[in-house]
Amino acid sequence: MKLSSLKGQTAIVAAALTLAFAGAAHAEVPSWCGPNKASLALLDGYGGNSWRLVTTASGAAEAALCPSITDYQYADGQGNTQKAISDIKSMAAKGVNALVVFGDAGPAVLPALKSAYGAGSVVVPYRVVVGGEEGKDYTKFVGSSFVDDGVSWGNWIKSILPDGGNVLFLSGPAGNSQGTDELAGMKQVLDDSYVFLNPAPFDVTNWDPALTQQVLSAEIAKNPKIDVIVSDFGPSLVGALATFAKFNRSIPAIATSDGNSLGCFWADNHEANPDFKLFTVATGNDNVRLAVQWAIAEATGGTPPTDKIFKAPVFEDSVSGQPNAVQCRADLPGSIYLSAVMSADDQAKAVNK
Amino acid sequence: MFPVTLAKGFVTVVVSTLALVILCLVYAPSSVSSGALAGSLPFAAVLAIVGLGQMLVVQQGGFDLSVAGGVSLAVVIATHYPAGNDALLLPAVLIAIGYALLIGLGNGLLVGFLRLNAIVATIGMNALIYGGVFAFSGGVPRITTNQLASIVGGSSFGIGNAVIFALTTLAVVGLVMKKTVNGRRFEAIGANRLLARSIGLRVRLYQMMAYVCAQLLYCLAGLLIAGLTTQPTAFQGDPLLLPSVAVVVLGGTSLLGGRGFPISTVIAAFFLNQLSQFAYALGVPYSAQTIIQALALGFGIGIYSLRWPNTNQTKQKNMEETNETLVS
C-alpha cells in the first residue's frame with residue numbers, strides 16, 4: 001500500500017512538475033527564485049485527502065517555476081507523528097537545502113525542525129502553529145490568517161442582516177485554534193445583536209460529515225430561527241444541509257470556505273430555498289505557494305515575498321456576485337477547490353489519479 | 001402458558017432508555033421532535049447494525065477491532081467505484097460485499113483456526129483494510145450516487161429507510177440466532193467452547209462465521225453511511241469502534257461470550273444516540289458531552305458487575321436461561 005501510495009504521489013508531483021515546467025519555460029523567473037542551485041522537499045503530516053492532494057500539487061507547481069530548484073521531493077507522514085518526524089530528519093540528513101513542512105502534529109515536530117535548521121537546511125513550517133521562534137528553531141513560519149476569515153464572514157453577515165440575527169458556528173475538533181481564531185475575527189465585527197446559538201466557542205464537528213449532520217439536526221430542532229450558519233469547512237456541510245428539508249424549513253444563509261461540491265449544491269438548491277445565500281472564502285490551498293516561495297527565496301538567494309502570512313481571499317458571494325458568483329463545475333469531481341490558483345482540470349487530474 | 005422471563009440486560013436498557021426519553025421530554029423536548037428524530041435515527045440505525053456485528057464476535061469471546069476499516073472500506077467502494085454513476089452502484093455494492101467476505105474469512109481463519117488473539121488479529125486486519133481504503137481512494141472522498149442517497153436517505157411508511165434496514169437486520173439476526181439449530185449452536189459454543197467441542201460441534205467454523213457475518217454487517221453499515229453523508233470521508237468508520245463495543249456491553253452481552261441480546265443491543269444504540277442528542281439540545285460543552293457518554297457506559301458496565309440480591313435465585317435463573325429461548 002505504501003508503495004502504491006508513494007507511486008501515486010510521485011505521479012501527481014511529476015505531472016504537476018511537467019505541467020508547470022511547460023508553462024514556466026516561457027515565463028519570467030520570479031523574483032523569489034535566486035541564482036543559487038538548491039533542492040527542496042515538501043513534507044506533509046497527513047496527505048490523505050483531496051485538499052492535501054491539491055495543495056501538494058500546488059506546492060510542486062510553484063517550485064517548478066524556479067529553475068534553480070534542481071531536485072524536488074515529497075513525503076507523507078500519513079497522520080503518524082513518528083513518521084512525520086522521521087521524514088523531516090531523513091530529508092535533512094540527505095542534505096536537502098529547503099524543507100517546507102505542514103506540521104500537523106503541532107509542537108511535536110518542533111525538535112525535528114530545530115535539528116534540521118541546526119544542520120543548515122532552510123526550514124519553513126506553514127499553516128499549523130508549531131511553536132518555537134523564527135531564526136532560532138526554523139527559518140520562517142508562514143501562517144494563515146483565520147482571524148481575517150472570521151472578519152470576512154462577519155462583514156458579510158452584517159451586510160445581509162444589518163439588524164442582527166442568530167448565528168450558528170460549526171468548526172472542527174474541540175479547541176482547534178483555527179475555530180477560535182475565526183470566532184475572534186467574527187467578534188471583531190459583530191456586536192451583541194448577533195447571537196451565537198452554539199455552545200461557546202463553536203459546535204464541535206471534527207469536520208466529519210456524519211457528526212456535522214447529527215449536530216446540525218439537533219441545532220435545527222432546538223432553534224426555530226437560524227439566520228446564518230458559519231462553517232470553516234464548507235464541503236462537510238453538503239450532506240447535512242438536506243436536514244432542513246426534514247423540518248420543512250429553508251436552508252439559511254451560509255458563510256464558509258469554498259468547495260466544488262458546495263457550489264454545485266447551492267446551484268441545485270437555492271431556488272427551492274429562498275433564504276439560501278452563500279458566501280465563501282478561499283479554502284487556502286495556495287497557502288503552500290507562499291511557503292514554497294519563502295523557502296526557495298531563502299535557499300537560492302532570491303528576494304523573499306512581501307507577505308508573511310497567507311490571507312485567504314473572499315471567493316464567492318451569491319448576493320453581490322463579487323468577486324465571483326457561486327462557482328460550480330458539475331463535470332468535475334466535487335472534491336476540488338475552484339478558489340485555488342491551479343486550474344480546475346489539473347486539480348481533477350490530481351484527485352482522480 | 002410458557003413463562004416469559006425478561007433478561008436483566010433487556011430490562012436495564014429499556015428502563016434506562018425510557019428514563020432518558022422522559023428526561024428529554026422534560027428538559028430538551030426538541031431532541032425528541034419528529035424532525036430531530038428523522039435526522040438522528042439513521043445514525044442510530046448505523047450504530048445498531050455495527051453493534052449487532054460486534055455482538056456476534058463478542059458472543060464467541062472475541063473482539064473485532066476491524067470495525068473501523070470494514071465500515072470505511074464499504075464507504076469508499078460505494079462512492080469511488082460508481083463515481084456518481086447510478087448504473088455502477090449495484091456492482092459497487094457487490095464488490096463491497098465480496099471484500100467483506102474476504103476480510104471476515106481472514107479474521108475468522110486467524111482467530112478461529114490459527115488461534116491468534118482476537119484483538120491482535122483484528123487490529124492487524126484493520127491496518128490491512130486501511131491499506132485497501134487508501135488503494136481504492138487515495139483518501140479522497142467522492143460524492144455519493146443519487147440512487148444510494150435516495151435509497152438510504154428516503155423513507156417508507158413514514159419511517160426512514162435506514163431505520164428499516166436496521167430493524168430488518170435485527171429481525172434476521174434475532175430469528176437466526178434464537179430460532180434455528182445453527183443459531184442455538186452458535187450461542188452454545190460461545191457459552192462453553194470445550195463442552196461444545198466435546199459433543200462434536202464444529203467450534204472453529206462457527207467462530208469463523210461470527211467474523212464473516214460481522215464484516216457483512218459492517219459493510220451494510222458502511223453502505224448506509226455512504227448514502228446518508230453526501231461527501232463521506234475515507235475514515236468514516238473510525239468513530240464507530242468504541243460505540244460498537246459500548247452498545248454490546250449496554251445490551252447485556254457478556255464480554256466472556258455466550259448468549260447474545262440483539263434487541264437490547266439495538267435499543268442500546270438508540271440510547272447512546274439519544275444521549276448525544278440530549279446533550280446537543282441542552283447545549284452543554286463538548287467536554288461535558290464526552291463525560292456524560294463515558295458515565296453512561298460506566299453505568300452500563302457497573303449494572304452488570306453488581307451482585308444483585310437473591311444471588312442463588314439469579315444463578316438458578318441464569319442456568320435455566322441457557323436452556324430455553326427467551327425474550328431478550
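The values are calculated or read from the model by the stated rules, or taken from the named source; none is laboratory data. Only a predicted model underlies this, so the values are computations on that prediction, with no experimental measurement involved. In this analysis, Cβ positions are derived from the backbone assuming ideal geometry, glycine residues included, and neighbour counts consider all displayed protein chains.
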How many residues, within segment A:188-209, are outside any loop (DSSP other than H, G, I, E, B) and within 16 Å of A:G165 (Cβ to Cβ)? 4
Within segment B:1-57, restricting attention to residues that are in contact with a strand residue (DSSP E or B) (Cβ under 9 Å, 6 or more places away or on another chain) and not hydrophobic (A, V, I, L, M, F, W, C), which residue is farthest from the other protein chains (Cβ to nearest Cβ)? B:T5
Can you tell me which of A:A112, A:A61 is within 27 Å of B:R142 (Cβ to Cβ), assigned to a helix (DSSP H, G or I), touching a residue at least 12 places away in the same chain (Cβ under 8 Å) and in contact with a helix residue (DSSP H, G or I) (Cβ under 8 Å, 6 or more places away or on another chain)? A:A61
Considering only segment A:247-274, state which residues are of a type in the set (A, V, I, L, M) and in contact with a Gly (Cβ under 7 Å, 6 or more places away or on another chain). A:L262
Residue satisfying condition, being touching a Ser or Thr at 6+ places or on another chain (Cβ under 9 Å) and within 12 Å of chain A (Cβ to nearest Cβ), within set B:A296, B:A288, B:A226: B:A226
Hey, A:V230 touching an Asp or Glu at 6+ places or on another chain (Cβ under 9 Å), in a helix (DSSP H, G or I) and more than 19 Å from A:R329 (Cα to Cα) or not: no
Among A:D87, A:D71, which is the only one that is among the acidic types (D, E) and in contact with a Gly (Cβ under 8 Å, 6 or more places away or on another chain)? A:D87
In the list A:G185, A:G154, which residue meets the criterion of being at pLDDT 95 or above, touching an Asp or Glu at 6+ places or on another chain (Cβ under 8 Å), over 30 Å from B:V75 (Cα atoms) and in a helix (DSSP H, G or I)? A:G185
How about segment B:114-206: which helices (runs of 4 or more DSSP H) wholly inside it have at least 3 residues that are within 30 Å of A:S335 (Cα to Cα)? B:118-137, B:146-153, B:161-179
Taking the criterion of being farther than 26 Å from B:R142 by Cβ and modelled with pLDDT under 95, would at least one residue in segment A:263-270 satisfy it? no
Only one of (1) touching a Ser or Thr at 6+ places or on another chain (Cβ under 6 Å); (2) charged (D, E, K, R); (3) away from every other protein chain (no Cβ under 14 Å) is not met by B:R142, so which one is it? (3)
For segment A:157-182, give me each residue that is part of a helix (DSSP H, G or I) and of a type in the set (S, T, Y). A:S159, A:S177, A:T180
Is it fair to say A:T212 is surrounded by fewer than 20 Cβ atoms within 10 Å (Cβ to Cβ), part of a helix (DSSP H, G or I) and not assigned by TED's automatic domain parsing to the domain that holds A:L113? no
A:M186 is checked against (1) in contact with a helix residue (DSSP H, G or I) (Cβ under 9 Å, 6 or more places away or on another chain); (2) within 23 Å of B:A28 (Cβ to Cβ) and fails just one. What number does that condition carry? (2)
Is segment B:121-130 home to any residue that is surrounded by 23 or more Cβ atoms within 10 Å (Cβ to Cβ) and away from every other protein chain (no Cβ under 14 Å)? yes
Would you mind stating whether A:I309 is within 30 Å of A:P30 (Cα to Cα) and not small (G, A, S)? yes
Check on B:F157, touching a helix residue (DSSP H, G or I) at 6+ places or on another chain (Cβ under 7 Å), at pLDDT below 90, surrounded by fewer than 22 Cβ atoms within 10 Å (Cβ to Cβ) and more than 18 Å from B:T253 (Cβ to Cβ): no
Of the residues in segment B:234-282, how many are in a loop (DSSP other than H, G, I, E, B) and either touching a strand residue (DSSP E or B) at 6+ places or on another chain (Cβ under 7 Å) or within 14 Å of chain A (Cβ to nearest Cβ) (or both)? 4
Answer residue from segment A:220-234, given it is surrounded by fewer than 24 Cβ atoms within 10 Å (Cβ to Cβ) and within 16 Å of B:Y280 (Cα to Cα) and is farthest from the other protein chains (Cβ to nearest Cβ) among those: A:I226
Could you give every pair whose Cβ atoms fall below 8 Å, whose first residue belongs to segment A:225-247 and is over 16 Å from B:P232 (Cα atoms), and whose second residue is hydroxyl-bearing (S, T, Y) and assigned to a strand (DSSP E or B), counting only separations of at least 6 or pairs across chains? A:I229/A:T256; A:V230/A:T256; A:S231/A:S171; A:S231/A:T256; A:S231/A:S257; A:D232/A:S171; A:D232/A:T256; A:D232/A:S257
Complete set of residues in segment A:27-48 that are assigned to a loop (DSSP other than H, G, I, E, B) and under 30 Å from A:N352 (Cβ atoms): A:A27, A:P30, A:G45, A:Y46, A:G47, A:G48
Sole residue being farther than 26 Å from A:L190 by Cα, under 22 Å from the mean Cα position of the chain (by Cα), within 10 Å of chain B (Cβ to nearest Cβ) and among the hydrophobic types (A, V, I, L, M, F, W, C), chosen from A:A240, A:A210: A:A210
